[in-house]
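Below you'll find the structure, written out as structure tokens, and then a few comments.
The values are calculated or read from the model by the stated rules, or taken from the named source; none is laboratory data. Owing to the predicted nature of the structure, the values given are computational and were not obtained by experimental measurement. FYI the Cβ positions are ideal-geometry reconstructions off the backbone, even for glycines, and counts take in every protein chain you see. Ligands, DNA and RNA are stripped out before the accessible areas are found, and what is left, the full protein with its side chains, is counted by its heavy atoms. Shrake-Rupley method; radii C 1.70, N 1.55, O 1.52, S 1.80 Å.
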Amino acid sequence: MAQGGSSGISAPDFMGVALAEAESAGARGEIPVGAVIAMRGEMVIRTGNRTRELNDPTAHAEMLAIRGAGQALGSERLAGADLYVTLEPCTMCAAAISFARIRRLYFGAVDEKGGAVSSGVRFFSSPTCHHVPDLFPGMAEVESAALLRSFFRARRMP
């Protein structure tokens with residue numbers, strides 16, 4: 001499942017780990033989304049989508065990463081943590097990111113249908129949003145989008 005522990009990885013490399021987790025998720029038949037939470041330059045957790053495996057609609061990569069980081073760090077608040085995810089978070093995940101007090105959110109591909117950061121409801125722009133992370137969209141956007149397109153194209157083929 002989720003894994004933690006690593007040192008000396010730079011921000012672009014954290015997104016590379018998230019992409020590897022997305023590829024693993026796709027290989028398991030999950031929508032290929034991966035996430036990493038890092039704090040002070042150290043990887044805390046890495047994981048990918050597991051909604052089908054766990055029969056849990058909330059088992060998005062971001063949710064699993066937040067749960068795992070909270071357990072690993074012994075806190076429901078992840079102030080100072082950075083989240084790297086290959087796809088723009090949905091409303092559920094954006095709310096969890098806010099509630100966890102994630103410091104920075106880096107994401108790859110924009111999700112025009114289900115995203116809630118740059119697209120859709122734009123959760124962090126809501127006046128009722130309690131915490132807004134620093135936002136860094138478009139990191140590894142081309143690679144993230146290509147992985148998703150390839151996954152869905154393969155499922156549409158006869």
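Miscellaneous remarks
- Ala154 being aliphatic (A, V, I, L, M), open to solvent by less than 60 Å² (accessible area, probe 1.4 Å) and free of Cβ contacts under 8 Å to residues at least 12 places away in the same chain: yes
- Taking the stretch 12-33 as the range and being open to solvent by 10 Å² or more (accessible area, probe 1.4 Å) and either closer than 11 Å to Tyr84 by Cβ or not aliphatic (A, V, I, L, M) (or both) as the test, the residues that pass are Pro12, Asp13, Gly16, Val17, Leu19, Glu21, Glu23, Ser24, Gly26, Arg28, Gly29.
- Picking from residues in the stretch 127-141 that are in contact (Cβ under 8 Å) with a residue 24 or more places away in the chain and more than 18 Å from Val36 (Cα to Cα), the one that is nearest to the chain's Cα centre (by Cα) is Val132.
Residues checked against (1) touching a residue at least 40 places away in the same chain (Cβ under 8 Å); (2) among the acidic types (Asp, Glu); (3) open to solvent by 40 Å² or more (accessible area, probe 1.4 Å):
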{"residue": "Ala35", "(1), (2), (3)": "yes, no, no"}
{"residue": "Arg40", "(1), (2), (3)": "yes, no, yes"}
{"residue": "Asn49", "(1), (2), (3)": "no, no, no"}
{"residue": "Pro57", "(1), (2), (3)": "no, no, yes"}
{"residue": "Leu83", "(1), (2), (3)": "yes, no, no"}
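- Condition broken by Ala65, with the remaining ones in (1) surrounded by fewer than 20 Cβ atoms within 10 Å (Cβ to Cβ); (2) more than 18 Å from Phe151 (Cβ to Cβ); (3) of a type in the set (A, V, I, L, M) satisfied: (1)
- The stretch 128-137, residues that are open to solvent by 30 Å² or more (accessible area, probe 1.4 Å) and modelled with pLDDT of 95 or more: His131, Val132, Asp134, Leu135, Phe136, Pro137
- Lone unmet requirement of (1) free of Cβ contacts under 8 Å to residues at least 40 places away in the same chain; (2) surrounded by fewer than 23 Cβ atoms within 10 Å (Cβ to Cβ); (3) small (Gly, Ala, Ser) for Gly115: (2)
- Across the stretch 34-79, the number of residues qualifying as at positive phi and at pLDDT 95 or above comes to 2.
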